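Student: I have a structure here, written as structure tokens, and I will follow up with some questions on it.
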2 protein chains.
Amino acid sequence: MGHEFDRDTEVSAVGENEYAADLGPGWVVGGGVNGGYLLAVIGNALRETLPGKPDPIAVTAYYLAASKPGPATIRTRVVRDGRRTSTVAADLSQGGTDCITVLATFGDLSTFTGDVRTTALEPELPPVEECIPTSMAPEEIRRIAPLMSRFDLRLDPAYAGWAVGEPSGNGVIQGWFRLNDERDPDPISLLLTVDALPPVTFDLGMPGWAPTLELSAHVRAIPAKGWLKVRHETRNLAGGMFEEDCVVWDSTGRLVAQARQLALAPRPQ
Amino acid sequence: MGHEFDRDTEVSAVGENEYAADLGPGWVVGGGVNGGYLLAVIGNALRETLPGKPDPIAVTAYYLAASKPGPATIRTRVVRDGRRTSTVAADLSQGGTDCITVLATFGDLSTFTGDVRTTALEPELPPVEECIPTSMAPEEIRRIAPLMSRFDLRLDPAYAGWAVGEPSGNGVIQGWFRLNDERDPDPISLLLTVDALPPVTFDLGMPGWAPTLELSAHVRAIPAKGWLKVRHETRNLAGGMFEEDCVVWDSTGRLVAQARQLALAPRPQ
């Protein structure tokens, strides 16, 4: 029934502005459940909180503690209920511990019309069939990172050398992205997409877990059906932290999401 | 006594996690008090809330309603008190109306050491004396935008043509920045700096007020004394919204802050 992504991000109302979710074991990576997946779950709770405003326009998350598979509670609060957009707060907790706290603005992106002036350049990727499917990763990697099996990710070989011990040193990872079951992208699934790729520090020769401190995502348009192009890049690693900028372009060549996160660099191994 | 910026961003504790501020009339621009100035005021309240963690590392603001000069109340709440960093929430209200809601992570940036690997390029600016001081703006502009008199801002002439009706069309504004009284930059004043320049939409030929929906700032290092280089750029205007990316570099050539905001494009005039 339905797509895996929708089943696993479903929430049910259990009280006023309170929702229950069951975090799926398939979304684990590194030290916990993937942060982008959590944003999509919280996004669904916020959608329920705001009838007529189904789309995340801006979503900011501060990560407090790692989440694990199993039950979670999402509490939402309307901060400002506007005509076109509303600003909301949300927290996701497990067993009484807050895992992530969120501020967001939601609206109906289909009503946001007007000129498009884009000077950003679409990522240049080799054709899908010339990119490296992460399904080719060794079985032991895929076992500790089941997240990798939730979508079809084809990495640009120019920035995938880290997989064989030869990082490019550019701080870039990019590729084609599509959810399982050919589930087409929408504004909620983009919240996963902006935080689903391996950390760009892999491409700097720094393997290991890179916990996110803060992530802000802007959904700039409703994505068209089909493959997405996703590019992550860092330009400054300093004081044990790095920023990771993400852009997502849809199959019509439109920039549909921008995100930036500040993360802790992996400790030297 | 002291510098104008410090006097005008001062807060005083009036209760547990509650602070009073007096928003200065000198910080008005467009439809209200400047959003970066508000962040600096809130930053001072958060600093008081978190002894031993004086520096904003990540600060996110969602703007709810315009602020005006006069009394304001800031309420703060510790969300997670960590060893090296703490995550906090804050709201600034006036007369019972919330104007801005904030999430932030604070710490002691002097303890964040380690390698610096920067591929970002420092903005190329003509020498200070070849840039255009905003103090040359017409008196009627300076009267409705007193913010412009709070700092010495020297705009790169390559992207200042909008001032004489000839915008470059690039969506870029950049220049040299220094607070009045030669008050040197610090992590708190950077919160002002990332939102103090005119909106980049001016350079796209779109004059007018561009209200911020969301702004996230990352302070990446303690800035050195002296002039700052500030660059704002947008790469995507769509659906009546645009993002504005800001980078701030200090006098030693170090990237000290990155910020991104999502703002509403000015209505056609």
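Student: Which of the residues belonging to the stretch B:61-75 are over 18 Å from B:A196 (Cβ atoms) and either within 14 Å of chain A (Cβ to nearest Cβ) or of a type in the set (A, V, I, L, M) (or both)?
Tutor: Taking the stretch B:61-75 as the starting set, the residues that turn out to be over 18 Å from B:A196 (Cβ atoms) are B:62, B:64-65, B:68, B:70-75.
Listed by number, the residues that qualify are B:Y62, B:L64, B:A65, B:A72, B:I74, B:R75.
Student: Something else: Could you check the stretch A:76-98 and list, in sequence order, the residues that are surrounded by fewer than 17 Cβ atoms within 10 Å (Cβ to Cβ) and of a type in the set (S, T, N, Q)?
Tutor: Result: A:T97, single match.
Student: Ok, one more. In this structure, does B:T73 turn out to be more than 30 Å from A:A263 (Cα to Cα), at pLDDT 95 or above, surrounded by 15 or more Cβ atoms within 10 Å (Cβ to Cβ) and touching an Asp or Glu at 6+ places or on another chain (Cβ under 7 Å)? Walk me through it before giving the result.
Tutor: Numbers: more than 30 Å from A:A263 (Cα to Cα): yes; at pLDDT 95 or above: yes; surrounded by 15 or more Cβ atoms within 10 Å (Cβ to Cβ): yes; touching an Asp or Glu at 6+ places or on another chain (Cβ under 7 Å): yes.
Yes: the conditions hold for B:T73.
Residues checked against (1) at pLDDT 95 or above; (2) out of contact with any helix residue (DSSP H, G or I) (no Cβ under 8 Å at 6 or more places or on another chain); (3) within 20 Å of B:C131 (Cα to Cα); (4) more than 14 Å from chain A (Cβ to nearest Cβ):
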residue: B:G171; (1), (2), (3), (4): yes, no, yes, no
residue: B:Q174; (1), (2), (3), (4): yes, no, yes, yes
residue: B:R178; (1), (2), (3), (4): yes, yes, yes, yes
residue: B:R183; (1), (2), (3), (4): yes, no, no, yes
residue: B:I188; (1), (2), (3), (4): yes, no, no, yes
residue: B:D195; (1), (2), (3), (4): yes, no, yes, yes
residue: B:V200; (1), (2), (3), (4): yes, yes, yes, no
residue: B:D203; (1), (2), (3), (4): yes, no, yes, no
residue: B:T212; (1), (2), (3), (4): yes, no, no, no
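Student: Looking only at the stretch A:114-142, filter to residues that are within 14 Å of chain B (Cβ to nearest Cβ) and in contact with a Phe, Trp or Tyr (Cβ under 8 Å, 6 or more places away or on another chain); which one of those is surrounded by the most Cβ atoms within 10 Å (Cβ to Cβ)? Steps first, please.
Tutor: Narrowing the stretch A:114-142 to residues within 14 Å of chain B (Cβ to nearest Cβ): A:114-123.
Those left that are additionally in contact with a Phe, Trp or Tyr (Cβ under 8 Å, 6 or more places away or on another chain): A:122-123.
Working: A:E122: 14, A:P123: 18.
Ranking the qualifying residues of the stretch A:114-142, first place goes to A:P123.
Student: Now, a different point. For the condition within 30 Å of A:R7 (Cβ to Cβ), of a type outside the set (D, E, K, R) and surrounded by fewer than 23 Cβ atoms within 10 Å (Cβ to Cβ), what is the one hit in A:N236, A:N180? If you could, list the steps in order and put the result at the bottom.
Tutor: On the way: A:N236 fails: within 30 Å of A:R7 (Cβ to Cβ).
Just one listed residue meets the conditions, A:N180.
Student: If you scan the stretch B:248-269, which residues turn out to be more than 10 Å from chain A (Cβ to nearest Cβ), among the hydrophobic types (A, V, I, L, M, F, W, C) and closer than 16 Å to A:G114 by Cα?
Tutor: Once the filter is applied, which keeps residues that are more than 10 Å from chain A (Cβ to nearest Cβ), among the hydrophobic types (A, V, I, L, M, F, W, C) and closer than 16 Å to A:G114 by Cα, the stretch B:248-269 yields only B:A263.
Student: Might you let me know whether the stretch A:31-47 holds any residue that is more than 13 Å from every other protein chain (Cβ to nearest Cβ), within 18 Å of the chain's Cα centre (by Cα) and part of a strand (DSSP E or B)?
Tutor: yes
Student: Could you grab me the full set of residues in the stretch A:98-115 that are within 22 Å of A:P51 (Cβ to Cβ) and in a strand (DSSP E or B)?
Tutor: Passing the criteria: A:V102, A:L103, A:A104, A:T105, A:F106, A:G107.
The values are calculated or read from the model by the stated rules, or taken from the named source; none is laboratory data. Being a predicted model, the structure only gives us computed values, none of them experimental. A quick note on method: Cβ atoms are made from the backbone with ideal geometry, for glycine too, and the neighbour counts reach across all protein chains shown.
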